[in-house]
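The next block holds one structure in the form of structure tokens; read it before the comments.
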Amino acid sequence: MKSKLIIFIIIILAIIGIYFAVKKSPAQAPTIQEQAQTQSSSLEMTASGMEGMTEEEMVNHEQTSVGAEISKHIVNYTDKGFSPSSLEIKLGETVKFANNSSGGMWVASGPHPSHTAYPEFDPKRNIPSGEIYEFTFTKIGEWKYHNHTKAGMYGTIIVK
Ligand SMILES: [Cu+2]
């Protein structure tokens, strides 16, 4: 009887043990898997998100800088003068002065003829018709300039 009882208890314990083992393992396993999946998917999301953002930022940055230099900051010089006559830019940005006039263009800061207000802002030569002079502004200020070869033509670059 005692041995039967012991066997019975062992069987019961075994069943209980199996029950808990079966009950626990499916409960734990999905949790771990879920965590792993969540972690990996969030990592993937973060990685892809970062990659996407980096690429977008790079593209945006390229577009912004290219746009700023090529399309955003162009001063068109024609026989009528500089257009726009006043242009506001940010510190460190480049302005392209495109000579679309019939004559020469020598952009320089005031006062004429010494150009001492912003001496670096001066190509020191005449820019022929059809060519571009570009200058990167590294000083904050309201820079009046003129066409040194035709001082009646003038404009302003405001650097903030
Ligand atoms: Cu001048």
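Observations on the model:
- Residue in the range 102-124 that is under 29 Å from the mean Cα position of the chain (by Cα), open to solvent by 70 Å² or more (accessible area, probe 1.4 Å) and among the hydroxyl-bearing types (S, T, Y) present: no
- Selection over the range 102-142 of residues that are part of a strand (DSSP E or B) and either within 12 Å of the ligand (Cβ to nearest atom) or farther than 14 Å from F82 by Cβ (or both) gives a count of 8.
The values are calculated or read from the model by the stated rules, or taken from the named source; none is laboratory data. Here the structure is a predicted model, which means the values were calculated and not measured. No Cβ is skipped: glycine too gets one built from the backbone with ideal geometry, and neighbour counts run over all protein chains shown. The protein model used for the area step is the full one, side chains on, heavy atoms only, and it has no ligands, DNA or RNA in it. Shrake-Rupley method; radii C 1.70, N 1.55, O 1.52, S 1.80 Å.
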